[in-house]
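Asker: Quick one: structure below, then a few questions.
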Amino acid sequence: MPEQDSAAGQQALPRLAAWCYQYSSQVCIPGARNGLFLETGASKRLFGSTEQLGKRLQQELGQLGYHALTGSAPTPEAAWLAAPEGLHIATQADVRRQLGPLPLDRMHFDTAQRASMERMGFRQLRDLLRLPRKSLTRRFGPALPDYLERTLGIRPDPRAMYHPPQAFSSRLELQAEIHNCQGLLFPLKRLLEEFCGVLRGGDNAVQALQIIFGHEDHPDTPLNLGLQSPTQDAGRLLGLLRERLERLRLPQAVREIQLEAATLLKFNAGQHSLFRDTPAEQQQDIRQLAERLQARLGNEAVSGLTGVEDHRPEYSWRPRTLDERPECTPLSHRPPWLLPNPKPCVIEHFEILAGPERIESGWWDGHDCRRDYFIVRDHHGSTLWAFREYKPRRGWYLHGIFA
Amino acid sequence: MSTINQLLSATPQLWRGRQDNRGQQTLPTGHTRLDRQLPGHGWPQGALTELITPKPGLGEFRLLFPALAETSQRGQWIILVDPPWIPYPAALQGHGLLLDHLLVVRTGGGKKALWACEQALRSGRGGAVLAWPEHISFSRLRRLQIAAESSAKLAFLFRPANAVKESSPAALRLQLGADNRRGTHISILKCRGSRPTDPIWVPQLFSAYGNHRRHTQAHATFTEHTINTALAGRSLSATVAGPVHPRTKH
């Protein structure tokens, strides 16, 4: 599958190889050539015929900004010749028939070889294929018949396979400077789609990544993105970035964008039920919600709650992260709301409904207190939680609301 | 005529005055008297419910406890967007709300709160979202209503007394009021799928606190236990508290 994009394309090959890994577990980067080999025979049932797969690759690479040509054949060298012609050769027997008429200037021979072939009157590939090996060796040396035999599949053609890396880094130089954050979304989308293709290829997922915005003459602006759970979904990442970009202040116009993911994790795709209502899916949905909210409102904005073993109500709770397990002793007669700070009050304004409940605690940590709690009602009919404090300050305070 | 029928069956926003709103999914409130008055006999799922309270402390939050307990015990989430005070974990747990399915979002209010609310309503399927918006326009309410529909969530908005005068796209609007002797009464201002009825008294919600005779008994019990603070909790719950028990089926 050759890549028609000169030097930049050559540089992108390892990244594209990782991206292609989602379509084939055997990807090969042939040295010095602007293209990739994919073994597709094994994934036929998954992706359909090679023509269909070829079209799909061309289209998806096109969306990522690459111009690709695809072709297929039983051997790598034959496929290399088939790609510029858009040929899809099914069997070994067809190789000779379909590639035979190919003019020799389409072949990748060096100029000296081309010239001598011309002189000898060879015009098409089939002219070469007709000659016996011995005669070819005499005229052109042993490399040419070797090559032809590999093309035809007579001689095996083992290749070093590409292995996707466990980290990802990609850089995109922008064609024009981008001044506002919203304008960055489009190039970011392209980077993220490529990145997620690579993730899918290696059956990987990402939980933390860094995006670095490069400026003309100003230090780079980094943006770190952390997720509640690993993902390989470009849409989810883009959604989070959109929120983050709204808050980002750019010191200068952006010249280039770099995406770095230092660690890739194994992706663990759960089964999806039709209505997304299993506890695991609920968990997943709530984590994604937490992420979206945190991206815009900050990490502190989203939390769970847990009890803390302490008799003093104000010390008996704290926020928890979603990874922590909550622990709590249930007390159903306590009010559902606590006031952040106990509010001094005049007890004569209230009717006492129940109490007292003595709470005496905290002598060990300097917040020693002794209180009697009462359930009271004010003249509006609101039921409140009040306490009479003996230590450290004497007086009556409101501490909760039976809302 | 058939077009009208089609419209009626396809859009939950349209209903006939006398018809029970059958398309509406509901979750029992846990209060028999209230359930009896509500179309579908419970809180509407996938729709906004407004709880209008002149003052906090009338039991407006505890009114929801049976349904919220059921929600969390089903493995669905309860999301509180900008709760006005600190939720007391021991009390929530005491009424059967599982803390591992409770999420608190602090936005700082304003537009961010409404945005967070909409996000919460749109996320996942099932569960409940509770919010305390200060001011909210009709169009914003409408957006929340649509968001709630998309995820079949219970959506409760706690609103101040002056909200009574505003019109609202909410499926259910309740107004809570207090009476010193009879506890809290609930008026149905609007309910999609049936006609508003007379106020409902929900004495069982607050009888423990509202009934004077019970109060004196409770007082006597407590004074015996003033020293033992740890046990005081248990004796309290046995005598006074637990007005709304999550598992109680009436």
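The values are calculated or read from the model by the stated rules, or taken from the named source; none is laboratory data. Here the structure is a predicted model, which is why all the values come from computation and not from measurement. All Cβ positions, even for glycine, are placed from backbone atoms using ideal geometry, and neighbour counts span all protein chains on display. Side chains included, ligands, DNA and RNA excluded: accessible areas come from the protein's heavy atoms. Shrake-Rupley method; radii C 1.70, N 1.55, O 1.52, S 1.80 Å.
Asker: Considering only residues of the range A:16-48 that are under 20 Å from A:ALA234 (Cβ atoms) and touching a helix residue (DSSP H, G or I) at 6+ places or on another chain (Cβ under 7 Å), which is surrounded by the most Cβ atoms within 10 Å (Cβ to Cβ)?
Answerer: At the first step, the residues of the range A:16-48 found to be under 20 Å from A:ALA234 (Cβ atoms) are A:16-23, A:47.
Right, trim to touching a helix residue (DSSP H, G or I) at 6+ places or on another chain (Cβ under 7 Å) and you get A:18-23, A:47.
Working: A:ALA18: 24, A:TRP19: 29, A:CYS20: 25, A:TYR21: 23, A:GLN22: 21, A:TYR23: 21, A:PHE47: 16.
Ranking the candidates gives A:TRP19 first.
Asker: In the set A:LEU289, A:LEU339, which member is at pLDDT 85 or above, out of contact with any Ser or Thr (no Cβ under 8 Å at 6 or more places or on another chain), open to solvent by less than 60 Å² (accessible area, probe 1.4 Å) and facing chain B (nearest Cβ under 8 Å)?
Answerer: Details: A:LEU289 fails: out of contact with any Ser or Thr (no Cβ under 8 Å at 6 or more places or on another chain).
From the options A:LEU289, A:LEU339, the qualifying one is A:LEU339.
Asker: Read through the list (1) at the interface with chain B (Cβ under 7 Å from one of its Cβ atoms); (2) at pLDDT 90 or above, then give the number of the only condition that A:TRP396 fails.
Answerer: Result: A:TRP396 fails condition (1) only.
Asker: Okay, moving on. Can you pull out the strands (runs of 3 or more DSSP E) entirely within the range B:63-179 that have at least 1 residues that are away from chain A (no Cβ under 14 Å) and charged (D, E, K, R)?
Answerer: On the way: elements: B:78-81, B:102-105, B:128-131, B:154-159, B:172-179.
Correct list: B:172-179.
A quick yes/no check of all residues on (1) open to solvent by 70 Å² or more (accessible area, probe 1.4 Å); (2) away from every other protein chain (no Cβ under 11 Å); (3) small (Gly, Ala, Ser); (4) touching a helix residue (DSSP H, G or I) at 6+ places or on another chain (Cβ under 8 Å):
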site	(1), (2), (3), (4)
A:ASP368	no, yes, no, no
A:TYR373	no, no, no, no
A:VAL376	no, no, no, yes
A:SER382	no, no, yes, no
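Asker: How many residues are of a type outside the set (Lys, Arg) and part of a helix (DSSP H, G or I) when one looks only at the range A:42-72? I'd like the intermediate steps shown before the answer.
Answerer: Let us first name the residues in the range A:42-72 that are of a type outside the set (Lys, Arg), namely A:42-43, A:46-54, A:57-72.
Narrowing further to those that are part of a helix (DSSP H, G or I): A:42-43, A:46-47, A:50-54, A:57-63.
Residues that pass the stated criteria total 16.
Asker: Pick from B:GLU70, B:GLU118: which is farther than 30 Å from A:ASN341 by Cβ, open to solvent by less than 40 Å² (accessible area, probe 1.4 Å) and among the charged types (D, E, K, R)? Give the steps one after another, and end with the answer.
Answerer: On the way: B:GLU70 fails: open to solvent by less than 40 Å² (accessible area, probe 1.4 Å).
Going through B:GLU70, B:GLU118 in turn, just one is farther than 30 Å from A:ASN341 by Cβ, open to solvent by less than 40 Å² (accessible area, probe 1.4 Å) and among the charged types (D, E, K, R): B:GLU118.
Asker: On to the next question. Based on what the data block shows, is A:GLU360 farther than 30 Å from A:GLN288 by Cβ, among the acidic types (Asp, Glu) and either assigned to a loop (DSSP other than H, G, I, E, B) or within 11 Å of chain B (Cβ to nearest Cβ) (or both)? Steps first, please.
Answerer: Working: farther than 30 Å from A:GLN288 by Cβ: yes; among the acidic types (Asp, Glu): yes; either assigned to a loop (DSSP other than H, G, I, E, B) or within 11 Å of chain B (Cβ to nearest Cβ) (or both): yes.
It is true that A:GLU360 is farther than 30 Å from A:GLN288 by Cβ, among the acidic types (Asp, Glu) and either assigned to a loop (DSSP other than H, G, I, E, B) or within 11 Å of chain B (Cβ to nearest Cβ) (or both).
Asker: Continuing with this model, one more query. Determine if the range A:327-336 includes at least one residue that is surrounded by 21 or more Cβ atoms within 10 Å (Cβ to Cβ), of a type in the set (Ser, Thr, Tyr) and at the interface with chain B (Cβ under 9 Å from one of its Cβ atoms).
Answerer: The answer is yes; a qualifying residue exists.
Asker: Another question about this same structure. Would you mind stating whether A:LEU172 is part of a helix (DSSP H, G or I) and modelled with pLDDT of 85 or more? Lay out the reasoning, then the answer.
Answerer: Values: part of a helix (DSSP H, G or I): no; modelled with pLDDT of 85 or more: yes.
The answer is no for A:LEU172.
Asker: So how many residues does the range B:38-62 have that are open to solvent by 10 Å² or more (accessible area, probe 1.4 Å), more than 10 Å from chain A (Cβ to nearest Cβ) and polar (S, T, N, Q)?
Answerer: 1
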